[in-house]
1. Evaluate the relative contact order of segment 177-258 (contact order divided by residue number), counting alpha-carbon pairs under 8 angstrom at least 6 apart; express in whole percent.
2. Sum up the charges of everything whose Cβ sits under 10 Å from the Cβ of G153, counting Lys and Arg as +1 and Asp and Glu as -1, but leave G153 out.
3. May I ask you to derive the FRET efficiency for E277 and A320 from their Cβ-Cβ distance with R0 = 45 Å, giving the value to the nearest 0.05?
4. Determine the distance separating the Cα centre of segment 312-377 from the Cα centre of segment 152-226; give it in Å without decimals.
5. What translational diffusion coefficient, in µm²/s and rounded to a whole number, does the Stokes-Einstein relation yield for segment 239-290 at 4 °C and a viscosity of 1.567 mPa s, taking the hydrodynamic radius as the Kirkwood radius over Cα pairs?
6. Assuming a strict under-28 Å limit between Cα atoms, what lysine pair count do you get for segment 26-271 once near-sequence pairs (fewer than 8 apart, same chain) are dropped?
7. Run lengths n ≥ 4 of DSSP H only: what is the helix-derived mean residue ellipticity at 222 nm for the chain, with -39500 (n - 2.57) per run over all residues, to the nearest 500?
8. Order these peptides, 162-170, 32-40, by their mean beta-carbon neighbour count within 10 angstrom, highest first.
Amino acid sequence: MNAPSIESYIPPERLLMGPGPSNMDPRVLSALSRPVVGHLDPGFVAFMDDLKELLRYAFQTKNAMTLPISAPGSAGMELCFVNLVEAGDQVVVCRNGVFGGRMLENVKRTRGLPIIIDDDWGRPVDPNQLEDALKANPDAKLVASVHAETSTGARSDVQTLAGIAHEHDCLIIVDTVTSLGGIPLEVDAWGLDAVYSGSQKCLSCTPGLSPVTFSERALAKVRARREAVQSWFLDLNLLNAYWDDGQNQRSYHHTAPVHTLMALHESLAILAAEGLEAAHARHRAAHEQLRDGLAPLGIEYLVDAEWRLPQLNSVIVPAALQEREAAIRRALLDEDGIEIGAGLGDLAGKIWRIGTMGYTARSENITRLLSALAGRL
Ligand SMILES: *Cc1c(COP(=O)(O)O)cnc(C)c1O
């Protein structure tokens, strides 16, 4: 077989205003070109402790079990379900978009018994429905909900959902892939039990890592399992033998992705230096600038103001433009170098999902999108 002659891949410079990934801070990009070290190098082990401390700040938690999984957000989702769900466990899944649907799929594959509560896409999860579902199913053990539904741009009040879950002796699994770093998220104060996130949305890091954090209550359920976790790679106890600093005796589990972890460390250090409140305010300001610039173009929001995610703006494509919807996105990408997201499922062709996440959430980017979009309508 002849060796193929293929050149280096140099991607174009895009302004990433879709549902993720977001643009990276040059500091994070440069972290990716540092030397490689062994993943059990003493210096790297100290670095891992700093990384966990930075993650605890981002999540606002004291949970000892707080670490990044070496795989994307979907793996963090799967980790929560494979560790917490045992065959026959009843799990209430709150579904108001694509990612709630994926949680449901995880419950089925872990041989849990799902109880589904549905809310319209674009609406938050209704706490009253959760209350009713838990009253009707007193044996339920878990509740699962998405904090920031990236498929619709709606936030749900996971603090209230967690309170209801606990009143009914349930633990709650929460998807914070799009919320972490973009809107307030208080893992400890809200009583969230098993939480996963992603590196490439409001943290503006490379795709491919999933920060997770587990409360003591959640760990107790994992320890009390009757059967071993069916996924070897995502078994929290095995992973922790590498990440735990308890006895300072870390053992090989898998070769950690040294560079993506260094990039995450850099992006979390940037977030810590900015401060969570300032980062949230920056996302709000970007959202307000976008909203105010879209209004004169006749573009309105899908989600009620109270539940809108500032970092993921789901806007309704005006009826007169729906036929050209995909062509407009394509022209923005090809000619203006700007990526925005399409609608999913029933919302395909009807909405655009404009991400203002992480490093992308800056005024000059909003101005650039607004002027490009105005020229395409
Ligand atoms: C992006 C996203 C995921 C999946 O993350 P990947 O890194 O793409 O695997 C899960 N949940 C939500 C809400 C997301 O936005």
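1. Values: 71 pairs, mean separation 14.9, N = 82.
Result for segment 177-258 is 18 percent.
2. Numbers: positive: R155, R308, R353; negative: E149.
That works out to +2.
3. Values: r = 41 Å, r/R0 = 0.90.
It comes to 0.65.
4. The two parts, judged by their Cα centres, are 29 Å apart.
5. Details: Rh = 13.8 Å.
For the chosen part, D equals 94 µm²/s.
6. Summing the qualifying lysine pairs gives 12.
7. -12000 deg cm²/dmol
8. Numbers: 162-170: 17.3, 32-40: 12.1.
Going by the mean number of other Cβ atoms within 10 Å, highest first, we get 162-170, 32-40.
The values are calculated or read from the model by the stated rules, or taken from the named source; none is laboratory data. Please read these numbers as outputs of a predicted model, since none were measured by experiment. Every residue, glycine as well, gets a Cβ built from its backbone with ideal geometry; the counts of neighbours run over all protein chains shown. Heavy atoms of the whole protein, side chains included, go into the accessibility calculation; ligands, DNA and RNA do not. Shrake-Rupley method; radii C 1.70, N 1.55, O 1.52, S 1.80 Å.
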